[in-house]
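Coordinate-derived values only; no laboratory data. Everything quoted here is computed from the prediction, not taken from an experiment. In this analysis, Cβ positions are derived from the backbone assuming ideal geometry, glycine residues included, and neighbour counts consider all displayed protein chains.
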Amino acid sequence: MSVAVSSKLNKTVRDQYLKLPQDGKAQVTYVWIDGTGESLRCKTRTLKCEPKTIQDIPEWNFDGSSTYQSEGSNSDMFLIPARMFRDPFTLDPNKLVLCEVLKYNRKPAETNLRYTCRETMDKAKLSHPWFGLEQEYSLLGINGHPYGWPENGFPGPQGPYYCGVGADKVFGRDIVEAHYKACLYAGVKISGTNAEVMPSQWEFQVGPCEGIEMGDHLWLARYILHRICEDFGVVATLDPKPITGNWNGAGCHANFSTEVMRKEGGLKHIEEAIEKLSKRHEYHIHVYDPKGGQDNSRRLTGKHETSSIHDFSAGVANRGASIRIPRQVGQDGFGYFEDRRPAANCDPYAVTEALVRTCVLNETGN
Ligand code: ADP
Ligand code: MN
Ligand code: MN
Ligand code: MN
C-alpha cells in the first residue's frame, strides 16, 4: 500500500506542540481556488486576536504566477475573505477563511466563479433557492492506485460495497468519520455520508444551503477532506470516472428547490423548472464540469446509474435520468428535485448559478 511520507511522521509528537497556548492570538488560514478551477491553495497568518466576523479578517495577497493565475508581470493577486469557519485542525480560536480571488485590477480571477454566482443569487433572493450537493469522491494511494484495491488486479464486481459494512466491503472509513466530525466542528452544513457503489468511493452531502452559501460550504468541505487525507497519507480524487470499465463514476448530484416548490402544490413548479431545464441541456452540460463537458463525457454514458450526456430525461425515482424527482416528493406533491448531471469535480458556484439562471431567472439559450 502506497502511503505518503508525511503521514508517517509521529502524530503524538505533533500533538504536544499543537496543545501549546497562543496568548490570545489567532492563526487564520486563507483558502482559495487556484487557476485550475479544481485545486485549492492555502496559507496562514497571525491575527492579534480572534476574529469575530468576516469583517475582522483583512484582505491579503499571494503570488499568482505560482498558482496558474497571474497575468503577465502583474503577479500579485488579492485574497478577499468571503466566509469564515472554525479551524478543526488547530482548533479554537483559529479560523479557516474561504476567499475570493481578484486580479491586480480588482476584477475577478478567471476561476473565481463565486463573483457572478453571488450577483445571480442576489437577483433570485426572493425565491429563496435552496441546494443540497452530494459530493462523491474516490480514495487513492499516492501512486494513484485505488486505496485498498489489490496491487495487481481488481476487487470483486460492484454489488456489496454501497453503504457496505465490513473490512472486505469498505476501505478508509477512518477518513470519512474524521471528515464528518471536522466539518461539524468547522460549521460546515454537512448533512450525511455513505459508502458508494465502487469500492473506496464515498459520498458526503452538504445542505440544504441557501444561495451563495452552497458553494462556500462545499468548497470548504472539500478543503477539509483533502487536508484530512494528508494526515492519513492518501489522496481524494474528484475525477468523475477515476477507473474506466465496469465501475461507477463520481458525480455531484445537485438537489434544488425554491420556496414555491417546497409548499403545497409545489410539484407544478418543479415540473415547470424541469421543462425549462429540458430546453437548455447543452448549456448545463457545459458548466457541469471544469472542462466544458469533456470530463463528464467519460461518466455520463447511460450506464452505471447515469443518463447519456447527449440526452435530457426526467422521472420519479429514476436514477438513470438527468433529473430525478425523489419518490417521497412525488407522493407529497412538493419538495425538491435532483439534477444528477454535475460531475464530482464541478464548481458548485457554476452549478448553482446555472440552476438559478434557468429555473428562476428564466434565461434561455444554449
Ligand atoms: P440521494 O437519495 O440522491 O442519494 P441524498 O440523501 O444523498 O440523496 O442527498 C439529498 C440532498 O438533498 C441532501 O444534501 C439534502 O440536504 C438535500 N435536500 C433536502 N431537501 C432539500 C430541499 N428542499 N431543497 C434542496 N435540497 C434539499
Ligand atoms: Mn446520495
Ligand atoms: Mn451517490
Ligand atoms: Mn443523488
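When only residues in segment 277-289 that are surrounded by 16 or more Cβ atoms within 10 Å (Cβ to Cβ), in contact with a strand residue (DSSP E or B) (Cβ under 8 Å, 6 or more places away or on another chain) and not aliphatic (A, V, I, L, M) count, which is farthest from Gly315 (Cα to Cα)?
Asp289
Regarding segment 189-204, can at least one residue be identified that is over 30 Å from Leu361 (Cβ atoms), away from ligand 3 (no atom under 16 Å from the Cβ) and not charged (D, E, K, R)?
There is no residue in segment 189-204 that is over 30 Å from Leu361 (Cβ atoms), away from ligand 3 (no atom under 16 Å from the Cβ) and not charged (D, E, K, R).
What pairs come up if the first residue lies in segment 89-103 and is closer than 22 Å to Met214 by Cα, the second is of a type in the set (Lys, Arg) and in a strand (DSSP E or B), and their beta carbons are under 7 Å apart, counting only those six or more places apart or on different chains?
Between residues of segment 89-103 that are closer than 22 Å to Met214 by Cα and residues that are of a type in the set (Lys, Arg) and in a strand (DSSP E or B), the close pairs are Lys95/Arg86; Leu98/Arg83.
Where the second residue is within 15 Å of ligand 2 (Cβ to nearest atom) and not aromatic (Phe, Trp, Tyr) and the first is on the phi > 0 side of the Ramachandran plot and lies in segment 323-346, which pairs have Cβ atoms under 6 Å and are six or more apart or on separate chains?
Listed pairs, sorted by first residue: Gly335/Val329.
Restricting to segment 328-366, what's the tally of residues that are assigned to a helix (DSSP H, G or I) and away from ligand 3 (no atom under 16 Å from the Cβ)?
As a first pass, look at segment 328-366 and keep what is assigned to a helix (DSSP H, G or I): 328-332, 348-359.
Going one step further and asking which of them are away from ligand 3 (no atom under 16 Å from the Cβ), we end up with 328-332, 349-350, 352-359.
Here the count works out to 15.
Could you please let me know if Val206 is farther than 17 Å from Tyr161 by Cβ, within 11 Å of the chain's Cα centre (by Cα) and β-branched (Val, Ile, Thr)? Working first, answer last.
Values: farther than 17 Å from Tyr161 by Cβ: yes; within 11 Å of the chain's Cα centre (by Cα): yes; β-branched (Val, Ile, Thr): yes.
Answer is yes for this residue.
Is there a residue being aromatic (Phe, Trp, Tyr) and surrounded by fewer than 23 Cβ atoms within 10 Å (Cβ to Cβ) anywhere in segment 345-356?
Scanning segment 345-356, I find no residue that is aromatic (Phe, Trp, Tyr) and surrounded by fewer than 23 Cβ atoms within 10 Å (Cβ to Cβ), so the answer is no.
Hey, could you check segment 316-351 for residues that are of a type in the set (Asp, Glu) and within 27 Å of Leu220 (Cβ to Cβ) and say which is farthest from ligand 1 (Cβ to nearest atom)?
Among residues in segment 316-351 that are of a type in the set (Asp, Glu) and within 27 Å of Leu220 (Cβ to Cβ), the one farthest from ligand 1 (Cβ to nearest atom) is Asp347.
Consider only pairs whose beta carbons are under 9 Å apart and that are at least six residues apart or on different chains; among these, list those whose first residue lies in segment 134-149 and is under 13 Å from Gly233 (Cα atoms) and whose second residue is aromatic (Phe, Trp, Tyr) and within 16 Å of ligand 1 (Cβ to nearest atom).
Qualifying pairs under 9 Å: Leu139/Trp202.
Restricting attention to segment 177-197, does a residue exist that is closer than 22 Å to Pro160 by Cβ, in a strand (DSSP E or B) and in contact (Cβ under 8 Å) with a residue 24 or more places away in the chain?
Yes, segment 177-197 has at least one match.
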